[in-house]
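All remarks here apply to the structure that follows.
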Amino acid sequence: MFLISKNSTYYEVLERNHEQAINDVKMGIRVSSREIRALASMVRNDFDGELRLIQTTSRISQSLQITRKGLVASLPFINLSIPRNRGDSMGEMYDFIDKIYSYINIHYIAYQFGEGDISKEEMVHTLETLHEGLNFIYENLDRDKLLEGDYATIKEYWHQLMELLLTKYPDNPVFIEYYDWHYNR
């Protein structure tokens with residue numbers, strides 16, 4: 001009886017942690033989307049406030065970091081739903097957020113210092129479609145599927161969501177690169 005009680009408590013803790021991680025992911029996506037929109041507006045308007053640009057970029061990085069940490073925190077709980085096959089369902093989501101994080105931190109900083117190979121118009125368009133795409137994901141992310149689905153269900157659900165995202169924003173380089181890496185190799 002003690003073992004059943006002990007294990008029940010353990011699984012309840014796992015479930016609560018998993019639920020919190022999914023909530024962190026959703027909130028991180030939402031906050032990142034808002035900050036990316038603000039950054040696009042600053043770039044479009046040639047905003048000279050260097051400090052504000054740095055602060056906005058920093059906030060985007062922080063919110064994306066929160067999202068990444070939420071995904072990492074949820075991995076052990078998702079791993080309980082094996083059998084596993086190639087890749088990892090939450091790992092793919094982590095890679096997606098990481099792709100956005102890398103884009104913001106590499107391309108924007110290079111652009112800001114005049115060293116990038118991207119024009120202002122391309123930067124604004126990419127940031128605006130990132131904002132719209134993250135809103136699309138936030139609105140369509142089925143929290144219950146992530147919480148209750150097994151490995152294969154989550155993996156397939158994320159793939160379908162990414163197909164819809166790429167159909168909606170076919171010229172966003174971040175979405176294209178991510179999709180090609182995970183689904184077209």
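Among helices (runs of 4 or more DSSP H) entirely within segment 100-185, having at least 3 residues that are of a type in the set (A, V, I, L, M) and open to solvent by 30 Å² or more (accessible area, probe 1.4 Å) singles out 151-168. From the list Ser74, Ser58, Ser63, Ser41, the lone residue that is assigned to a helix (DSSP H, G or I), within 19 Å of Asp142 (Cβ to Cβ), of a type outside the set (A, V, I, L, M) and modelled with pLDDT of 65 or more is Ser74.
The values are calculated or read from the model by the stated rules, or taken from the named source; none is laboratory data. Bear in mind that the values here come from a model prediction, so they are computed numbers and not experimental data. Every residue, glycine as well, gets a Cβ built from its backbone with ideal geometry; the counts of neighbours run over all protein chains shown. We work out accessible area using only protein heavy atoms, side chains counted, and drop any ligands, DNA or RNA first. Shrake-Rupley method; radii C 1.70, N 1.55, O 1.52, S 1.80 Å.
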